[in-house]
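The values are calculated or read from the model by the stated rules, or taken from the named source; none is laboratory data. This one's a predicted model, so the numbers in the text were calculated from it and none came from an experiment. As a convention, Cβ positions derive from the backbone with ideal geometry for all residues, glycine included, and neighbour counts pool all protein chains shown. Protein only, heavy atoms only, side chains kept; ligands, DNA and RNA dropped before computing areas. Shrake-Rupley method; radii C 1.70, N 1.55, O 1.52, S 1.80 Å.
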Amino acid sequence: MKYNLPVVLLKGLITLPDQEIKLEINNIYSKKTISLSKDKYDSKVLVICPKNQKEEEPDVSDLPKVGVIANVLSSIKLPNGNDRVILKGIKRVAVNKYYNSDKSRDILLSKVEDIDLPKLNQKEKEASRRKLISLLRKFIKNNSAISNSILSQVSHVTNLDNLTDMIASFLPLTFSKKLDLMQEINANKRAKILIEDIMVELEIIALENKIDEDLKIELDNSQKEFILKEKIKLIKQELGEKSGKDVDIQNIYNELNKKKFPDNIYKRIQKETKKYEMVSEISPESSMIINYIDILLNLPWNKSTKDDSDINLVEKRLNKTHYGLEDIKKRVLEYLYLKKINPDINTPVLCLVGPPGVGKSTFAASIANAINRKFVKISVGGLNDSAELTGHRKTYVGSAPGKIINAYLKCQSNNPVILIDEVDKMVKDYKGDPASTLLDILDINQNKNFVDNYLDEPFDLSKTFFILTANNIYNIPVELRDRLEIIELSSYTEFDKANIVKKHLLPKLYDLYKIKKENILIKDREIKFIINSYTKEPGIRDLERTFETLYRKILISRKKYPFIIMQNDIIKYLGTPKYEHLDFTNWHTGCVNCLAYTAVGGEVLPVEASYTKSSMITGLLGNAMKESVSVVNSYIYSHLKEFNLRENILDRNVHVHFLDGSTPKEGPSAGVSTVTVLLSLFKNKMIPRSVAMTGEITLSGNILKVGGLKEKLIGAYNNKVKKVYIPKANESELSEIPDLIKEKLNIKLVSDYKEIYNDLF
């Protein structure tokens, strides 16, 4: 059947067959449409809903091709001028055409016709109906928001068309889903859509119930814990006992009254304590606040140790623990003497520079012991994060004070000796620049008000005796080096090591192993044999371990005493000697000893040269050394006549190799050695292996000043070198060289290479 009907266009509201809806109309055109429906169309209208809800005036072509005929049950005018209308859906119809009324262009009319519903399989329809009813029961049972009365309304409905529309009208479906259901004419397809939607809703409800249950359990446990804690609190109050929090607060106030704090710290602790009183004991913030208060209470704001003013006694203590090191001992004694005159004198910032094992760290501890101060060590080797020194702010999880403040917490004194170890091995990267941070820590004009990020309050570092250590002075950042008082600790000679063994190591071993001195004896000759044959280091660490091993094995194996250690016994217990100094068995022309200053002290590095197929330079060399070899070639070429060499001598390919090949080498001070090794090769003249040299050479043959002279000469002495050539520009440094070394070495001061040439060739 075909007929015409006025159109009511609803936005955001779907009308389904057999569904009753209430509207409040304020649009004049909609009012006219309802009035026209009553007058001429038997109170019937076509209700449609456009897909695009945002379009204010949708085009006719965008309107749906399926709508619902609705009956206007009532229309009442309200006092506010609106019309309240009740519509009830009747059936779906197909829309053939939309057009405007002749009398009023604002009223939309439509030509519609009944839809021929598809014939459905009865068994399939019944199966869909039963499944829908079953799922609906389960849905209503699990959803308290939907009334059970709906079940009684739909359970007796046998028509699948009516059933799907009834269920769709009250299910919490989205607008687009309801619009699809309204426009779908196949009841079986609508049933499948609803079955799928109900199953999804059931899964969502199950998840929501699980979340609610988990939350309920968690809340019940928290509430139970809170109630139990409150009960315990009340019981303790009845018994006259205090809670943990009350005890903490009482202890804080006791500490405030007992100790003397700076005014700002006193006020800060009071403020934090009041905050702690307000916070619940179970709150995570509670532990953060009490930890912060605990650190403020335990820092030694006004707690100092008194320096020992007996300078002679301090000197005896330093001499007892360490042999030599006269420069630093004098500096410490000078400080104590001046401190006696003026108690407010600034504490020096010393930096001990020297190879490993010479006693830098242990001597810093000895200084603290000698002057009666607390001692703390901070290692900064490999440090790249400035926050490790200055702490993290309290807002960060797991925040804590930096290494500096922790040092004061450990030693419980505001004037300790703090050793900052390995400052030459700090790393600067994207995380920060620890060297710049150290500047603020060590600057005597600024560190009176040092602020740790965690502490957030100034702490006075000016009373602290800072001692820094480094292996290589050139690796200390320049800006930091300028603020330090550098004291270089040189390598130990064979004589020094022998004295250390007799005066320090052996007494320590006698005490450690409970040995009587007269039971195990060792002579000077055997001590020197161990030093030269089993160790090769600038310090004494390896030497100490070697003697410990020797005495331990003797104690385990010997049953009769006294026992005198002989050379055969040393080899028996320690094994075959490890080192033979300058054991260069195939010494030949084209070999020269070069003096080098490395991170482990002075070394004698042989340089070799030989003819080969192609020229090359090896030995893990840096750019400076490679350029130094180029300078040498140019120097030799410009002085061929003076060296009595043929002009084509440099056309031959030469391989120059610096031993040891596994050790990185940098610096220009091997210039004179390179000239000598090439001349030795070209002139077929062997250079004695007891000769060594150091010096940077220019294109004209001038020999320039070098660094690390003291270490180089000690290295030459330890390696049995007899004669050394050094730059005359270093002559002033000879006063720092021990007399023993100057007596044993034939030191030649040279300013031009011709002096070396005339002496050797």
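In what sequence, largest accessible area first, do Lys40, Lys125, Lys497 appear using a 1.4 Å probe?
Lys40, Lys125, Lys497
Which aspartates and glutamates, if any, have their Cα less than 16 Å from the Cα of Lys192, not counting same-chain residues under 8 positions apart?
Those aspartates and glutamates meeting the cut-off are Glu124, Glu126, Asp161, Asp165, Asp180, Glu184, Glu201.
Relative to a virtual label point 7 Å from the Cα of Phe761 in the Cα→beta-carbon direction, which members of the range 640-679 show backbone nitrogen distances below 15 Å?
Answer for this model: 640-651, 672-679.
Treating only the Cβ of Lys, Arg, Asp and Glu as charged (+1, +1, -1, -1), what charge dipole size does the range 1-121 show about its Cα centre? Round to the nearest 20 debye. Numbers along the way, then the final one.
Details: 21 positive and 16 negative charges, 43 e Å.
Computed about the Cα centre, the dipole is about 200 debye.
Would you indicate which of (1) 0.97; (2) 1.01; (3) 1.32 is the value of Rg/Rh (Cα atoms, Kirkwood Rh) derived from the coordinates of this structure?
Checking each listed value against the structure points to (3).
Counting each DSSP H run of 4 or more residues in the chain as -39500 (n - 2.57), what helix-only mean residue ellipticity at 222 nm follows after dividing by all residues, to the nearest 500 deg cm²/dmol?
Helices in the chain give a 222 nm mean residue ellipticity of -13500 deg cm²/dmol.
5 Å is the cut-off here: which amide hydrogens, built 1.01 Å from N in the peptide plane, fall below it relative to Lys377, excluding neighbours closer than 5 in sequence?
Leu419
Along its three principal axes, how long is the range 623-761 when you only count alpha carbons? Whole Å, largest extent first please.
47, 33, 24
Any idea what the dipole of the chain comes to, in debye rounded to 20, about its Cα centre with Lys/Arg Cβ at +1 and Asp/Glu Cβ at -1?
Dipole about the Cα centre, nearest 20: 1660 debye.
In a shell of Cβ-Cβ distance under 12 Å around Asn718, excluding Asn718 itself, what net charge do Lys and Arg (+1) and Asp and Glu (-1) give? Walk me through the numbers before you get to the answer.
Working: positive: Lys497, Lys528, Lys536, Lys712, Lys720, Lys744; negative: Glu494, Asp496, Glu537, Glu603, Glu711.
With Lys, Arg at +1 and Asp, Glu at -1, the net is +1.
Of all accessible surface on the range 169-238 at a 1.4 Å probe, what whole percent is carbon and sulfur?
Result for the range 169-238: 58 percent of the exposed heavy-atom area is carbon or sulfur.
Given all pairs of different Cα atoms, what value in angstroms does the Kirkwood hydrodynamic radius of the range 173-237 take?
Roughly 15.7 Å, rounded to one decimal.
May I ask which residue of Ser169, Ser155, Thr437 lies farthest towards the positive end of the charge dipole of the chain, with charges of +1 (Lys, Arg) and -1 (Asp, Glu) on Cβ and the Cα centre as origin?
Value computed over the given set: Ser155.
Report, to the nearest 10°, how far helix 541-557 tilts away from the longest principal axis of the Cα atoms in the chain, using its own Cα long axis and a range of 0 to 90°.
For 541-557 against the chain, the angle is about 80 degrees.
Take the alpha-carbon centre of the range 386-403, take the same for the range 25-40, and report the distance between them in whole Å.
After rounding, the separation between the Cα centres reads 75 Å.
Stretched out fully, how many nm does the piece from Arg130 to Lys88 gain, at 0.36 nm a residue minus the Cα gap? Don't skip to the answer; put the middle values down first.
Details: separation 42, 0.36 × 42 = 15.12 nm, distance 2.65 nm.
Value of the extension gain: 12.5 nm.
Work out the charge dipole of the chain with +1 on the Cβ of Lys and Arg and -1 on the Cβ of Asp and Glu about the Cα centre, then indicate which of Val691, Thr549, Phe563 is farthest towards its positive end.
With unit charges placed on the Cβ atoms, the residue in question is Phe563.
List the residues whose amide H sits under 5 Å from the amide H of Val750, counting only those 5 or more places along or on another chain, with H placed 1.01 Å from N in the peptide plane.
Counting only residues 5 or more places away or on other chains, the set is Ile726, Lys728.
From the residues Asn27, Ala187, Ser222, which one has its Cα farthest along the dipole of the chain in the positive direction, the dipole being from +1 and -1 charges on Cβ of Lys/Arg and Asp/Glu about the Cα centre?
Looking along the dipole axis, the top candidate is Ser222.
Can you tell me how much longer the chain between Leu117 and Ser309 gets when fully stretched, taken as 0.36 nm per residue apart minus their C-alpha distance, in nm with one decimal?
Length gained between Leu117 and Ser309: 57.8 nm.
Count the DSSP beta bridges whose two residues both fall in the chain, then state the antiparallel fraction as a percent rounded to the nearest 5.
Approximately 60 percent, going by the DSSP bridge assignments.
Hey, got the dipole for the range 356-451? About the Cα centre, +1 on K and R Cβ, -1 on D and E Cβ, debye to the nearest 20?
With Lys and Arg at +1 and Asp and Glu at -1, about 380 debye.
Working from Cα positions, state the angle (0 to 90°, nearest 10) between the long axis of helix 122-142 and the longest principal axis of the chain.
60
Provide, for q = 0.09, 0.11, 0.19 Å⁻¹, the log10 of I(q)/I(0) from a solvent-free Debye sum over equal Cα point scatterers in the range 243-402.
-0.50, -0.69, -1.16
Take the residue pairs Lys2/Lys125; Lys705/Lys754; Lys88/Lys178 and return only those whose Cα atoms are more than 20 Å apart. Spell out each step's value before the answer.
Values: Lys2/Lys125 28 Å; Lys705/Lys754 17 Å; Lys88/Lys178 17 Å.
From Lys2/Lys125; Lys705/Lys754; Lys88/Lys178, over 20 Å: Lys2/Lys125.
For the cross-link pairs Lys410/Lys463; Lys97/Lys119; Lys502/Lys528; Lys374/Lys403, which exceed 21 Å when the distance is taken from alpha carbon to alpha carbon?
Violating the 21 Å Cα-Cα cut-off are Lys97/Lys119.
Mind ordering 362-369, 714-721, 112-119 by average Cβ neighbours within 10 Å, highest first?
The peptides rank, most packed first, as 714-721, 362-369, 112-119.
If one takes the longest principal axis of the Cα atoms in the chain, at what angle in degrees, from 0 to 90 and to the nearest 10, does the Cα axis of helix 187-239 lie?
Approximately 60 degrees, to the nearest 10.
When we measure straight from the Cα of Lys425, which aspartates and glutamates land under 18 angstrom away, once same-chain ones fewer than 8 places off are left out?
Hits, sequence-local ones excluded: Asp385, Glu388, Asp433, Glu479, Asp482, Glu488, Glu666.
Can you check what the net charge comes to around Pro507, using other residues whose Cβ is under 14 Å from the Cβ of Pro507 (Lys, Arg +1; Asp, Glu -1)?
It works out to a net charge of +3.
Taking 0.36 nm per residue of sequence separation and subtracting the Cα-Cα distance, how much length would be gained by fully extending the chain between Ile341 and Asn298, in nm to one decimal?
Stretched out fully, the Ile341 to Asn298 stretch lengthens by 12.3 nm.
Which percentage, to the nearest 5, of the DSSP beta bridges contained in the range 368-517 is antiparallel?
On the way: 3 of 12 bridges.
Restricted to the range 368-517, the bridges split so that about 25 percent are antiparallel.
Got a sec? What order do Met566, Met166, Met625 fall in by accessible area at 1.4 Å, biggest, i.e. largest, first?
Met566, Met166, Met625
Just list whichever of Lys224/Lys271; Lys306/Lys329; Lys303/Lys508; Lys271/Lys394; Lys508/Lys710; Lys306/Lys330 have alpha carbons separated by over 25 Å in the model shown.
Among Lys224/Lys271; Lys306/Lys329; Lys303/Lys508; Lys271/Lys394; Lys508/Lys710; Lys306/Lys330, the Cα-Cα distance tops 25 Å for Lys224/Lys271; Lys303/Lys508; Lys508/Lys710.
Could you order the peptides 722-735, 535-548 from most to least packed, using the average number of other C-beta atoms within 10 Å per residue?
In descending order of packing, they fall as 535-548, 722-735.
Hey, what do the phi angles of the range 58-64 turn into as Karplus ³J(HN,Hα) couplings, whole Hz, using 6.51/-1.76/1.60 and θ = phi - 60°, x for Gly and Pro?
In residue order, the calculated couplings are x, 6, 4, 5, 8, 6, x Hz.
Counting Lys and Arg as +1 and Asp and Glu as -1, what is the net charge of the other residues whose Cβ lies under 14 Å from the Cβ of Leu439?
My count for the surroundings of Leu439 gives -2.
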